[in-house]
Structure formats: C-alpha cells, structure tokens
Amino acid sequence: MESSAAREAWGLFWRIFMEDKRRRWAILSELGLSPQQAMAISTLKPGEPMPMSALADAMHADNSSITGIVDRLEALGLAERRASERDRRVKAVALTKLGEWTRVEVERRAGQPPPRLAALPEQDAVALRDILARALEETPQTAESARAPSPT
C-alpha cells in the first residue's frame, strides 16, 4: 500500500529533477548530445561492446529508435558498430576513444547535483543518499501481489 509520505517524496524528487532539466540539457548541448545520446553513452561501458538489442533494453527503448541514436553517435565519432564476437549476425555498439572521453565528461558535468541538493548540509545529503540507495535495493511488491491472498 502506498503511503502519502512516499507520494509526497516522489513529488519532491520529480520537482527537483524537472527544475534541473535546463541545466542538464545545456551541458549536453555544449557536448553536442541529445539526452538520448547521452543516455546511450552512459549505458555503454568502455571496452565492452553491447548488442544493439541489449542497449535498447537497458534504455527501455524500441530497437528502431536505438538504430537512429547509434547512427548519430557514429556520425559524431563517439561509437561504432561491430559484429558481435558471439554471433556475427548481431551488431554490437562500442564506444570510440572520443566516446569514452565524452562519457566521462557527461558523468562529470551532468552528474553534478542540482544547486538545491548541493546546498544541503553533509549530514542531510548522506541521509538522503542512504535512503535512496535502500529504496533501489529493495524489491517492491506489486499492487497485484500485495492484494492477492497468500497460498496456504
């Protein structure tokens, strides 16, 4: 069952995220990237080619949209398609050296907390980090399983 405190926390989290959107997008624009391209670069790991379908899954996107994103990354010299080592019919995406550098820059610059979070006292920032980490570790019950009677 959802608590009103959890709903309020989500609303505050969303508000902080949206208020910081212009700053993040300005950083990506300076780097010549769209948000989707930045997400793809951040998903790819240096030296680890990833099948296009796995990239689509990781980004919660359709395979067809990943094709366009990778096309643009290739045009920028940030990524390249390769035949998969396991199955030559499968295309994998790998970061180039420039792509690896750009990935570091995206993480360094866009990974800076928004001013409101950066201004929190250290004790509050640590508490917030720990709570969010705990929320990510826990496996939430779905509404369906929460309502279903347990088998006996």
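The values are calculated or read from the model by the stated rules, or taken from the named source; none is laboratory data. All values derive from a computational prediction rather than experimental measurement. Neighbour counts are summed over all protein chains in view; Cβ atoms, including those assigned to glycine, are modelled from backbone coordinates with ideal geometry.
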- Please state which of the following conditions ALA6 fails to meet, knowing it meets all the rest: (1) closer than 20 Å to LEU132 by Cα; (2) surrounded by 15 or more Cβ atoms within 10 Å (Cβ to Cβ). (2)
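Tell me the helices (runs of 4 or more DSSP H) entirely within the stretch 1-88 that contain at least 2 residues that are closer than 28 Å to ALA119 by Cα, in contact with a Phe, Trp or Tyr (Cβ under 9 Å, 6 or more places away or on another chain) and modelled with pLDDT under 95. Don't jump to the end; show me each part of the working.
Details: elements: 4-19, 21-30, 35-43, 52-58, 63-75.
Correct list: empty, since no element meets the threshold.
So, LEU55, is that one farther than 30 Å from ALA125 by Cβ and in contact with a strand residue (DSSP E or B) (Cβ under 9 Å, 6 or more places away or on another chain) or not?
Numbers: farther than 30 Å from ALA125 by Cβ: yes; in contact with a strand residue (DSSP E or B) (Cβ under 9 Å, 6 or more places away or on another chain): yes.
Judged against the criteria, LEU55 is a match.
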- Just for the stretch 110-121: of the residues that are part of a helix (DSSP H, G or I) and either at pLDDT 95 or above or touching a Lys or Arg at 6+ places or on another chain (Cβ under 9 Å) (or both), which one is farthest from GLN37 (Cα to Cα)? PRO115
- Task: Might you let me know whether the stretch 122-143 holds any residue that is at pLDDT 95 or above, under 23 Å from PHE17 (Cβ atoms) and surrounded by fewer than 10 Cβ atoms within 10 Å (Cβ to Cβ)?
- Result: yes
- Message: Could you list, ordered by first residue, the pairs with Cβ atoms under 8 Å in which the first is in the stretch 1-28 and more than 28 Å from GLY99 (Cβ to Cβ) and the second is part of a helix (DSSP H, G or I), at least 6 apart or interchain?
- Response: MET1/ALA146; ILE16/ARG116; ILE16/LEU117; GLU19/ARG116
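If the requirement is being on the phi > 0 side of the Ramachandran plot and surrounded by 10 or more Cβ atoms within 10 Å (Cβ to Cβ), which of these qualifies: GLY68, GLY47, GLY77?
Details: GLY68 fails: on the phi > 0 side of the Ramachandran plot; GLY47 fails: surrounded by 10 or more Cβ atoms within 10 Å (Cβ to Cβ).
Sole residue among the options that is on the phi > 0 side of the Ramachandran plot and surrounded by 10 or more Cβ atoms within 10 Å (Cβ to Cβ): GLY77.
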- Note on the structure: Scanning the stretch 89-105 residue by residue, those free of Cβ contacts under 8 Å to residues at least 40 places away in the same chain and either part of a helix (DSSP H, G or I) or surrounded by 13 or more Cβ atoms within 10 Å (Cβ to Cβ) (or both) turn out to be VAL90, THR96, LYS97, LEU98, TRP101, VAL104
- Item | Residue in the stretch 41-77 that is farthest from ARG108 (Cα to Cα), counting only those that are touching a residue at least 40 places away in the same chain (Cβ under 8 Å) and of a type in the set (A, V, I, L, M) | MET52
